[in-house]
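Below: one structure, written as structure tokens.
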Amino acid sequence: MWPFLLKPFTFERFLTAVDKVQSNLSSKQSEKNFIFIKTEYRLEKLFLNEILYIEGMRDYRRIHTVNKKIMTLKTFNDFEREIPATRICRVHKSYMVSLDKIDSIERNRIRIKETMIPMSETYKKKFISLIGEPLA
């Protein structure tokens, strides 16, 4: 006799299993605080809390961190899949910014340290909803 026929799988057991899987997945995603970046001939571990902003430069992206700058061929779409938008958000076709590193926002520009980063209308609504503040 088949073993799965001996014990009925109740709907309650099924819901419990689904809840456990969802809990495990969400805890693993929230724990991730770094990514690996391919640069030159190596993979470099990059902690998300060190990123100031990411700048697009034709085929390359330059990642500006607290201590250094890293060039990579990784696309903005790759970054958007790997990094939660609540940490690093796209604000322009050529820029992503780390939300906790923003010093000020004025008109359509974001200041991080001494750098002014443009904010385009395309990404403005999502960005404003993430930071939770209306801009006049």
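Scanning segment 66-79 for residues that are within 15 Å of the chain's Cα centre (by Cα) and either under 21 Å from residue 111 (Cα atoms) or in contact (Cβ under 8 Å) with a residue 24 or more places away in the chain (or both) returns 74, 76, 79.
With respect to being charged (D, E, K, R) and more than 13 Å from the chain's Cα centre (by Cα), residue 111 fits the description. Restrict the check to segment 85-103 and report whether at least one residue is at pLDDT 95 or above, more than 15 Å from residue 127 (Cα to Cα), assigned to a strand (DSSP E or B) and of a type outside the set (Phe, Trp, Tyr). There is no residue in segment 85-103 that is at pLDDT 95 or above, more than 15 Å from residue 127 (Cα to Cα), assigned to a strand (DSSP E or B) and of a type outside the set (Phe, Trp, Tyr).
The values are calculated or read from the model by the stated rules, or taken from the named source; none is laboratory data. Keep in mind it's a predicted model, so treat the numbers as computed, not measured. Reconstructed Cβ throughout: ideal geometry from the backbone, glycine too, with neighbour counts over all protein chains shown.
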